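Worksheet: one structure, shown below.
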Amino acid sequence: MLNLGVEDTIPVHADYVKNVKLALNIDNLLNRRYFPNGFSNTDYYGNTYLSVLEGMPRFVFGSVTVKF
């Protein structure tokens, strides 16, 4: 799995605002299937089986932070 994140802080010369930080993050950049969790379980009849949880597909999110 490949994640990517970039951010930049931009100085602002205003009365109340000191700077603005912009960030962009991409999780699972290559959009690969992965299984972050796996565990064994037992059914009603005593048979053991393996359960896995599939990870999230590509996910993009950003943020803006203003420092006063």
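Taking 1.306 mPa s as the viscosity and 10 °C as the temperature, the Stokes-Einstein diffusion coefficient of the chain based on its alpha-carbon Kirkwood radius rounds to 102 µm²/s. Residues in the chain average 86 Å² of solvent-accessible surface per residue, probe 1.4 Å, ligands and nucleic acids excluded. Across Tyr44, Tyr16, the residue with the most accessible area heads the list, and the full order at a 1.4 Å probe is Tyr44, Tyr16. Per-atom-type breakdown for the chain gives carbon and sulfur 57% of the accessible area (1.4 Å probe, protein chains only). What you get for the chain, charging only the Cβ of Lys and Arg (+1) and of Asp and Glu (-1), is a dipole of about 140 debye around the Cα centre.
Across the range 1-63, C-alpha contacts under 8 Å between residues 6 or more apart give a mean separation that, scaled by the residue count, equals a relative contact order of 33 percent.
Taking Lys and Arg as +1 and Asp and Glu as -1, the other residues whose beta-carbon sits under 10 Å from that of Arg58 total 0. A simple spin-label model places the labels of Thr65 and Val12 1.5 nm from each other, with each point 7 Å out along Cα-to-Cβ. Working note: Karplus 6.51/-1.76/1.60 with θ = phi - 60° gives the range 22-39 the couplings 10, 9, 9, 10, 10, 9, 6, 3, 8, 6, 8, 7, 8, 10, x, 10, x, 8 Hz, where Gly and Pro are set to x.
The values are calculated or read from the model by the stated rules, or taken from the named source; none is laboratory data. It should be emphasised that the depicted structure is a prediction, and the values quoted were computed from it without experimental measurement. Virtual Cβ from ideal backbone geometry, glycine too; neighbours counted across all protein chains shown. Quick note on the areas: whole protein, heavy atoms, side chains included, nothing else; ligands and nucleic acids left out. Shrake-Rupley method; radii C 1.70, N 1.55, O 1.52, S 1.80 Å.
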